[in-house]
Structure formats: structure tokens, C-alpha cells
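Q: Provided herewith is a single structure, encoded as C-alpha cells, for subsequent inquiry.
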């Protein structure tokens, strides 16, 4: 495979990124950049490939204004180009797994019969877990998508700010997530940093390699 | 900011990546590529910037052989160039938060006194959570790092396979993670796909954009 992207470019972009506090309200993502956001989420890996998630991308300013008070009035909610609300399924059940297996069989043009073993494996794994554990597990998969999104945004120079500090119930209500069968887990604001954001030039706080990476 | 990486290159790489089942045992990551792995993990964002994690990167073949039976004998464990074991702290306590705050103050050259408010905010947030909830929250941050790692590996053409199916207790024991004060959460094998991996050419199974992305 011919590598078009250098490791040093990615590392440079990882150092360029930061949790953007102040977005430039005049700068919006282009359609091409929005496509990267969508594809980063859609193509994210998940356990068993189940994709037990949905992503709500909010561009509507009125809706952002409604959401803001339920996220500690953080300005990123209204000032970023888009707010991505990453959600897990409310309930992961047999019906969903069946739907996924059918989709997988269709995509790959294989007989449903040949996927039965895989379906049983997934259902078997689920049986050993409580509902709370399954929900936690789905939630973790959503965080993979969050990581993919932030890495890819950084790579192409899109700013982002992950936000855990928001009222999930209120977000679910305002965005009518029940109708989608999902519940919000974490938010990521995407857009472009304001020239006034003093956090942009602050030194990144990270432990040294020796402190967090152990080689064996 | 001058963009060196195109969104289309990233999307191409997202489609190129897949959960590699069979690694080429003769191909190892270069030092430059290993550096990307380290920096992807180290520079990952985490809630409050706390970095309540450590990452164990296993290259030693004997150790990989010992781990394999505790991961359903998946060949990736022994055949990949490296096994990254992503861990959270065993316990997140006041002492750790204090250490982080001191490190942040040192890094940014600010007086510790000026960081007290931030420290109190973190501790306040922790107080509202049970130990189990704090552990779950740390675990989710680890999954952000997993997502960042997989996205960045894909971008530069490094293959990867995320692995949740392993015995955490056994991995903790074999890797002596207690001495590091951490516990394993998820594994990611990194290396290069074998030409024989039939999964490499299979069509990626993903739901359509319309099914998982809602625009508002």
C-alpha cells in the first residue's frame, strides 16, 4: 500500500488540536468537511461490527440555543459550526441483532444461514451480561467513534471540543431521541477556533511518555 | 492554518482499514510508526485532561505467547507486530488529581494556587459519582484513546484489530499491571495484514448514512 500520509504530519496535527473553548461563529464546515465528520462516525469500528449507535448532527441555531442551558451554558454549543450528539441504542435486543445480521448478509451477498453462527455468538455474549452492562458496553463503542471523529478532525484541521457536561435527559427530550430509539452519551462540537481563544496557545498538558507508556 | 491532509485521503484510509484477522508475522512497525502509536495514545483527549490511564505496548514474543490463550487463542495476539493493552487507573483518588494538577501547573508555569478552582471542580464532579461510576467513566476515556489510535493508524497505513475478548484478570496478572496501578480495559493489535487474510477484501458492513446519521 502506498502511504500518502506521513506519521509526522499526524503527530503535528495531534499537537495542533486542543479542546476548543471559543469557536469562530463566522466559520462553518464545508460540505466536504461535513462528509468527513459523517464518514468518521459511520465507518468507526464497533464490537462485533454491531453499530449500536446513532449520531445526531445539529446545525440549526435555534436548537443549539435551546440545548445550551442544559450544557452549563458552554458557548461551544451555540458557537461551533455543528454539535454532534453521539448516542447509543436505548435497548440492544434480539431484533436489532437480527437486523444487523440481515444487513451484513445482504452487504456481503452471503446466505443468512451462513451467518447464524455469528448471530448466536453475539447473542451468547449478550446473555452473559446484565442490561446495565450491555448499556455500558454500547456506550464504550460510542466513545470509539468519538475518538475516531476527533483524530480525523485534527488530521484535516477541523477544531473540536468533546463535552460530557450536559444533561442527557434534557438533550434526549429536546432532540426527540426517543423517536430514534437512542439516548445521548457524549457531545462533540466541531468548527473552527476563534482567534481570541486564549486556550489555543496554552501548552498542552500531558504526562511524559515514560509515565504513561510501558514497553514490554 | 494550512491543511496538508485532505479529507478525501482520510476517508480513503477509513475504507481501507478493517479489523485485521491475520497479520503478516514478518512485518514490524518501524520506530517512526511506533512513535505514532505512542503519541496517538499520549496526546489523546480525556475528561478534564486527567489522563487516568496507562498503555502497555507488548513486543516480546514470549509474553504474547503467554497472553494468547487468555484471548480465545486469537492469532492476532502473537502475529501482530505489537499488542497495545489500554488500561485505566485501578483507583482514581484525590492524590492522583493532586498529582495531575501539579503537573498541569508546572507545564503551564502557573501558580498552584491558580489551579485550585479547577482541582475543586474535578473533585466535586467525582463526589457525585460512585466508585463503579468513576471506573466506568475512566474506562470510556480509554476508549477515546482506542478510537484515536485506530484512526491514526488507518491514516498512515498501519493495520489494527481491536480486541475486547480477553480475560482481563489474566492479562493484568501476566503483565503485572498491579505494579503500575492500572487494570486492562481493551486491547489493540497493530501491525500489517497478511496477504492471506480473506477478510481484507470483504465488503465493509456499515449501515447507510441515512440510517445512523440524523441531521437537525
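Coordinate-derived values only; no laboratory data. As the structure is a computational prediction, the values presented were derived from the model and not from experiment. Don't worry about glycine lacking a Cβ; one is built from the backbone with ideal geometry, like all the others, and counts go over all protein chains shown.
Q: Under a GNM of chain B (C-alpha, springs under 10 Å), which listed residue has the highest mean-square fluctuation: B:108, B:17, B:42?
A: Looking only at B:108, B:17, B:42, the biggest GNM fluctuation is shown by B:108.
Q: Hey, what's the Cα Rg ratio for the range A:31-77 versus the globular rule of thumb, 2.2 N^0.38 Å?
A: That works out to 1.48 for the range A:31-77.
Q: If you don't mind, there's one more thing I want to ask. Please work out which residue of chain A brings its Cβ closest to the axis of the rotation superposing A onto B, and round that distance to whole Å.
A: Here the nearest residue and distance are A:147, 1.
Q: Please report, in Å, the Rg and the Dmax of the range A:108-216, where both are computed over Cα atoms only.
A: Final numbers for Rg and Dmax: 19.9, 59 Å.
Q: On C-alpha positions alone, give me the angle between the axis of helix B:31-42 and the longest principal axis of chain B, in degrees, nearest 10.
A: The angle comes out near 40 degrees.
Q: Using the basic label-point model (7 angstrom from Cα toward the beta carbon), what is the residue B:215 to residue A:123 distance in nanometres?
A: Distance between the two pseudo-spin positions: 3.8 nm.
Q: Here is a follow-up. Considering Cα pairs under 8 angstrom that are at least six residues apart, work out the relative contact order of the range B:81-175 and quote it in whole percent. All intermediate terms of the calculation are to be shown ahead of the outcome.
A: On the way: 30 pairs, mean separation 29.5, N = 95.
Reported as a whole number, the value is 31 percent.
Q: Same structure, new question: May I ask you to derive the relative contact order of the range B:46-100, considering only C-alpha pairs under 8 Å and at least 6 residues apart, and to give it as an integer percent? Mind dumping the intermediate values first?
A: Details: 46 pairs, mean separation 24.9, N = 55.
Computed value for the range B:46-100: 45 percent relative contact order.
Q: Could you give the distance between the Cα centres of the range B:23-38 and the range A:137-206, to the whole Å?
A: After rounding, the separation between the Cα centres reads 30 Å.
Q: Also: Determine the calculated [θ] at 222 nm for the protein assembly as shown from helices alone, applying -39500 (n - 2.57) to every DSSP H run no shorter than 4 residues and normalising by the residue count; nearest 500 deg cm²/dmol. If you can, show how the numbers build up before the last one.
A: Numbers: 18 runs with 194 residues, N = 432.
My calculation for the protein assembly as shown gives -13500 deg cm²/dmol from helical runs alone.
Q: Using a Förster distance of 30 Å, how high is the FRET efficiency between residue B:207 and residue A:65, based on the Cβ-Cβ distance and rounded to 0.05? Each step should come with its number before you reach the end.
A: Working: r = 31 Å, r/R0 = 1.02.
Result of the calculation: an efficiency of 0.45.
Q: Relative contact order, percent, of the range B:23-198 when contacts are C-alpha pairs under 8 Å separated by at least 6 residues? Please list the in-between numbers first.
A: Working: 238 pairs, mean separation 66.6, N = 176.
About 38 percent, as a whole number.
Q: Related question: Gaussian network model of chain B, Cα springs within a sub-10 Å range: biggest mean-square fluctuation belongs to which of B:41, B:177, B:146?
A: B:177
Q: In nm, what does the list of distances from residue A:131 to its counterparts in the other copies look like, shortest first, when each label sits 7 Å along Cα to Cβ?
A: Between copies, matching label points for residue A:131 lie 2.7 nm apart.
Q: Shifting gears a bit: Please find, in a Gaussian network model of chain B (springs between Cα atoms separated by less than 10 Å), the residue of B:155, B:145, B:189 whose mean-square fluctuation is greatest.
A: Result: B:155 has the largest fluctuation of those listed.
Q: How far, in nm, would the chain grow between residue B:131 and residue B:167 when pulled straight, counting 0.36 nm per residue and subtracting the alpha carbon separation?
A: Details: separation 36, 0.36 × 36 = 12.96 nm, distance 2.18 nm.
Value of the extension gain: 10.8 nm.
Q: Let me ask another. Could you pull the Rg and Dmax for the protein assembly as shown, using just the Cα atoms, both in Å?
A: For the protein assembly as shown, the Cα-based Rg and Dmax read 20.8, 66 Å.
Q: Taking 0.36 nm per intervening residue step and subtracting the Cα-Cα distance, what contour gain separates residue B:115 from residue B:195 on full extension? Working shown, then result.
A: Details: separation 80, 0.36 × 80 = 28.80 nm, distance 5.30 nm.
Stretched out fully, the residue B:115 to residue B:195 stretch lengthens by 23.5 nm.
Q: Working from Cα positions, state the angle (0 to 90°, nearest 10) between the long axis of helix A:94-108 and the longest principal axis of chain A.
A: Rounded to the nearest ten degrees, it is 80.
Q: For the range B:23-198, what is the convex hull volume of its Cα atoms per residue in Å³?
A: Values: hull volume 21.8 nm³, N = 176.
Taking only Cα atoms, the range B:23-198 has a hull volume of 124 Å³ per residue.
Q: Taking a point 7 Å out from Cα toward Cβ as the label site, list the nm distances between residue B:203 and the same residue in every other copy, smallest first.
A: 5.3
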